[in-house]
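Asker: Questions regarding the structure given below will be posed in turn.
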Amino acid sequence: MQGAVPVVSWGISGVTSWAILWRPMCLLMLAIWTAFPAAALEVRGSHFIDQGQILRLKGIAMGDVGDLPADENPYPEIARDWGANIVRLSIHPGFWRDDSVGALARLTQHVEWAREAGLYVIIDYHAIGWPDGYVQDKFVASDTKTTDWYDTRMSLALDFWRAIASTFKDNDILFELWNEPISGEAEPLKGDGANWRALQPFWQQLTHLIRGQGNSNVILAAGSHWAFDLSGVGDYPLPDPNTAYVWHVYPGGELAPYEPVLEKVSADHAVIVTEWGFEPGSKEHWSGTAKSFGEPFTALMDKYKLSSVGWCWNIYYGPALRNSDGRTLTAWGAFLRRYLRGS
């Protein structure tokens with residue numbers, strides 16, 4: 001039996017009474033919505049949180065979206081077959097400088113595809129060098145020009161993040177401020193935190209711009225030495241509470257001496273490895289194998305419950321996950337796929 005339904009008199013006095021009640025009810029509802037905003041990806045202490053649950057992000061770095069086929073949508077495969085829950089989409093400063101309209105259009109298309117596949121997304125400003133300082137040499141030739149692809153002018157970074165922050169309000173998108181800070185090719189790895197302190201004003205300026213656009217997305221900030229040096233972060237974190245910290249790791253050096261720094265940072269702050277990988281027999285700095293690097297490094301990430309994205313989906317960026325045919329997997333690709341699938 002249905003419960004009794006109260007009868008409301010809709011005479012003049014009834015309407016007046018309802019109007020009197022409606023305003024305070026609206027104010028109460030607004031206060032509740034303000035106190036309890038819609039669930040979104042955020043940083044709390046050492047964790048990424050979504051829907052009130054601790055989340056470990058694990059996925060794939062795609063490379064610059066301008067270098068990916070314009071008519072191929074790989075994200076359903078990455079989510080379904082690889083078991084990833086996040087992808088990292090990059091824009092080189094030179095691409096943005098030379099064609100910001102085209103770069104934003106390509107990025108928007110890939111973000112939409114990835115989000116439709118249920119993936120979280122990192123937007124990465126793929127600079128290598130020091131803000132308003134050192135620029136790693138990288139020139140891309142075309143029929144009409146040769147251009148510095150890693151342009152490190154701070155004015156260009158501000159222009160990029162102003163556009164990104166005003167365009168992407170989806171809180172399941174993370175903003176990686178700067179790919180790999182480095183003060184010069186011969187920058188020593190001192191581990192004393194001095195370079196981190198020097199980078200902080202730049203990261204705070206970018207964060208202030210992003211937040212000034214009314215944007216609350218998670219921010220990812222890297223330390224120096226190609227994003228390997230985490231020293232100083234634990235003692236001097238950025239003031240924005242919705243910030244996590246970036247680590248890039250490839251073979252070629254002992255990790256044990258730097259584990260105490262990682263342990264200190266990850267105890268109180270979320271850490272995500274936005275680049276890692278290996279290639280057996282390579283002449284590059286990522287030369288390594290599953291046994292020499294892949295297995296011990298994944299054990300380290302699992303020990304500290306780090307989030308991560310492996311580099312790189314694009315077959316022209318090393319270490320590549322796929323062979324030149326774009327279908328078969330490299331040894332590194334097969335290893336990462338097993339890791340993401342938990343097998």
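The values are calculated or read from the model by the stated rules, or taken from the named source; none is laboratory data. Fair warning: this is a prediction, and the values are worked out from it, not measured in the lab. With ideal geometry, Cβ positions are generated from the backbone for all residues, glycine too; neighbour counts draw on all protein chains shown.
Asker: Name every residue in the stretch 145-189 that is free of Cβ contacts under 8 Å to residues at least 40 places away in the same chain, over 24 Å from residue 102 (Cβ atoms) and either surrounded by fewer than 16 Cβ atoms within 10 Å (Cβ to Cβ) or in contact with a strand residue (DSSP E or B) (Cβ under 7 Å, 6 or more places away or on another chain) (or both), in order of residue number.
Answerer: Matches in the stretch 145-189: 186, 188.
Asker: Please go through the stretch 158-187 and pick out each residue that is part of a loop (DSSP other than H, G, I, E, B) and either over 14 Å from the mean Cα position of the chain (by Cα) or not assigned by TED's automatic domain parsing to the domain that holds residue 273 (or both).
Answerer: 169, 182, 183, 184, 185, 186, 187
Asker: Here is a further query. Check residue 234 against each of (1) out of contact with any helix residue (DSSP H, G or I) (no Cβ under 6 Å at 6 or more places or on another chain); (2) free of Cβ contacts under 8 Å to residues at least 40 places away in the same chain and name the one condition it does not meet.
Answerer: Exception for residue 234: condition (1).
Asker: Moving to a separate point now. Can you give me the number of residues within the stretch 195-224 that are within 17 Å of the chain's Cα centre (by Cα) and assigned to a loop (DSSP other than H, G, I, E, B)?
Answerer: The total comes to 5.
Asker: Taking only pairs six or more apart or across chains, which ones have beta-carbon atoms under 6 Å, a first residue in the stretch 318-343 that is under 19 Å from residue 69 (Cα atoms), and a second residue that is surrounded by 19 or more Cβ atoms within 10 Å (Cβ to Cβ) and small (Gly, Ala, Ser)?
Answerer: Going by the 6 Å Cβ cut-off, the qualifying pairs are 319/277; 321/333; 322/333.
Asker: Additional query: Taking residue 292 as meeting all but one of (1) assigned to a helix (DSSP H, G or I); (2) within 19 Å of residue 222 (Cα to Cα); (3) not basic (Lys, Arg), write down the number of the exception.
Answerer: Among (1) assigned to a helix (DSSP H, G or I); (2) within 19 Å of residue 222 (Cα to Cα); (3) not basic (Lys, Arg), the lone unmet condition for residue 292 is (2).
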